[in-house]
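First up is the structure itself, then whatever we jot down about it.
Read-outs: derived from the displayed coordinates by stated rules, not from any lab. Because the structure is predicted, anything quoted here is derived from the model rather than measured. No Cβ is skipped: glycine too gets one built from the backbone with ideal geometry, and neighbour counts run over all protein chains shown.
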Amino acid sequence: APDTTIFEQRESEVRSYSRAWPAVFTRARGSWIQDEAGRDYLDFFAGAGALNYGHNNPVLKRALLEYLDSDGITHGLDMNTVAKRRFLETFQRNILAPRGLDYKVQFPGPTGTNAVEAALKLARKVTGRSSIVNFTGAFHGMTLGSLSVTGNSMKRAGAGIPLVHSTPMPFDNYFDGEMPDFHWFERVLDDTGSGLNRPAAVIVETVQGEGGVNVARPEWLRALADLCSSRGILLIVDDVQMGCGRTGPFFSFEVAGITPDIVTLSKSIGGYGLPMALTLMRPELDVWAPGEHNGTFRGNNPAFVTATAALEQYWSDGMLARSVRTKGDQVHAALADLAGRFDGLSARGRGLVQGLAFTRPEQAAAVCRTAFDAGLLAETAGPTDEVVKLLPPLTISTDELALGLNILTEAVASVCR
Ligand code: PMP
């Protein structure tokens with residue numbers, strides 16, 4: 001058995017994944033991660049979406065090693081650096097310009113929740129209004145602002161005290177049949193007699209990752225965007241988990257042809273598993289005063305270097321987006337097949353975020369445990385952790401994908417038999 005004594009003795013009880021995976025990991029490459037006993041696991045978790053280009057991607061590693069070797073700046077707050085310039089130029093050239101997008105870029109801090117905090121604060125500052133509309137099942141981060149718009153009672157309980165005001169709305173899930181209409185939502189927004197304040201912004205994920213792989217229809221996202229723009233409510237798309245190609249296109253909202261007012265990115269934007277976050281805003285929304293939202297680690301220069309290398313390698317053409325769609329179809333077909341074979345299962349997803357939902361959460365947990373024993377890392381998501389969520393690296397080969405899906409299929413068959 002692996003020696004996990006020090007983790008159990010010294011690490012806070014809040015740790016989670018160490019409990020799901022009782023191993024001590026040492027090294028990783030591509031879609032594989034190894035524990036100290038020398039066992040290899042296929043990684044269908046990929047840092048909860050932080051490793052879209054795989055572990056220790058050789059192209060990114062070379063760029064990073066060359067940079068460190070040349071004594072490149074590692075810590076620079078928001079000073080002008082060559083690494084930051086190259087990142088901004090490449091982001092403009094490979095991501096914004098080809099999509100006809102015009103966003104100013106803020107580096108709000110190292111993690112996804114920092115990007116969300118900046119987005120919420122900015123929306124409040126721009127509109128002079130305070131409340132935010134969020135959705136049931138949403139996940140936006142663990143700091144107080146982001147947690148206020150997170151629709152998960154267990155996570156919210158971690159705050160202990162009431163949070164910033166938010167108004168939760170039901171999330172669309174295109175497997176639920178009829179598209180919900182926004183009629184009653186409009187009536188709430190337009191009511192002037194009840195003391196309800198028009199919100200500053202609506203924050204939404206196009207696919208809820210932590211919420212259990214709940215996929216919003218493009219038409220629903222378009223209707224939401226129209227509703228917001230007709231009422232001067234800002235639309236924030238949180239692309240922390242679904243951005244950087246997870247669903248196919250670089251931005252997950254491209255599927256709906258909408259242009260959010262504010263966009264958050266993190267997880268895979270640094271590319272190498274290095275902390276990095278962006279808050280993108282339409283230029284006229286950039287009402288920040290200098291120094292109004294700062295933070296020590298908001299300019300991680302090694303992350304700029306790996307981010308630039310990733311944008312150059314994977315986003316100068318449409319190849320990665322196309323392969324994500326093909327591989328996503330491969331995963332979805334396997335999950336749909338399982339859903340056809342066993343009662344109570346359903347499959348859903350978009351691109352390389354795919355979920356297999358169980359009616360009984362203990363089955364989802366048992367599948368992950370069985371898969372782990374057979375050499376596959378996958379985690380559960382959803383309000384009661386009833387969904388097995390698959391997030392392989394986007395760069396995974398179809399053979400590796402097939403291998404992982406075989407392990408999963410056998411795990412499901414042994415749990416549901
Ligand atoms: N938004 C979304 C959609 C996320 O999935 C996450 C992380 N799971 C966050 C925000 C928070 O990011 P971080 O954990 O880096 O703070």
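In whole percent, what relative contact order does segment 72-314 give with Cα contacts below 8 Å and a gap of six or more residues? That works out to 30 percent. Based on C-alpha pairs under 8 angstrom that are at least 6 apart in sequence, the chain has a relative contact order of 23 percent. When the chain is treated as a GNM with alpha-carbon contacts under 10 Å, the residue of 311, 376, 88 showing the greatest mean-square fluctuation is 88. Largest GNM mean-square fluctuation among 194, 130, 31, using the chain with Cα springs under 10 Å: 194.
With both residues required to sit in the chain, DSSP beta bridges show an antiparallel share near 65%. Using the rule -39500 (n - 2.57) for each DSSP H run of four or more residues, divided by the residues of the chain, the 222 nm mean residue ellipticity is -11000 deg cm²/dmol.
Considering only DSSP beta bridges where both residues belong to segment 72-314, give the percentage that are antiparallel (nearest 5).
Working: 10 of 23 bridges.
Of the beta bridges lying entirely in segment 72-314, close to 45 percent run antiparallel.
Since only 133, 72, 82 are under comparison, the one whose Cα sits farthest along the positive direction of the charge dipole of segment 54-152, derived from C-beta charges on Lys, Arg, Asp and Glu, is 133. Each Cα pair under 8 Å and six or more residues apart adds its sequence gap; the mean of these over the residue count of segment 157-256 is a relative contact order of 25 percent. Net length available on complete extension from residue 184 to residue 198 is 3.6 nm, with 0.36 nm assigned per residue and the Cα-Cα distance removed.
Note on residue 104: aspartates and glutamates with a C-alpha under 13 Å away, same-chain residues under 8 apart excluded, are 89, 261, 284, 286.
Taking each residue as 0.36 nm, the span from residue 11 to residue 35 lengthens on full extension beyond its C-alpha to C-alpha distance by 6.7 nm. Between residue 284 and residue 330, the simple label model (points 7 Å from Cα in the Cβ direction) yields a spacing of 4.6 nm.
Among the lysines, which fall within straight-line cross-link reach of residue 327, defined as a Cα-Cα distance under 22 Å, with same-chain neighbours fewer than 8 residues apart omitted? By straight Cα distance, residue 327 reaches 267, 389. Subtracting the Cα-Cα distance of residue 374 and residue 164 from their residue separation scaled by 0.36 nm leaves 71.2 nm.
Where is the GNM fluctuation largest for the chain (alpha-carbon springs, 10 angstrom cutoff): 288, 21, 184? Result for the chain, Cα springs under 10 Å: 184 fluctuates most. Restriction of the trypsin sites (Lys or Arg not before Pro) in segment 18-56 to DSSP coil positions whose beta-carbon has at most 12 other beta-carbons within 10 angstrom yields 39.
Select from the chain the helices, each a whole stretch of DSSP H, whose alpha-carbon atoms run 20 Å or more along the helix axis and whose Kyte-Doolittle mean is at least 0.0; answer none if there are none. What comes out of the filter, once short or polar helices are dropped, is 112-127, 398-416.
Place a +1 charge on the Cβ of each Lys and Arg in the chain and a -1 charge on the Cβ of each Asp and Glu, then give the dipole magnitude about the Cα centre in debye, rounded to the nearest 20. Please report the intermediate quantities before stating the final value.
Numbers: 39 positive and 46 negative charges, 111 e Å.
The dipole of the chain has a size of about 540 debye.
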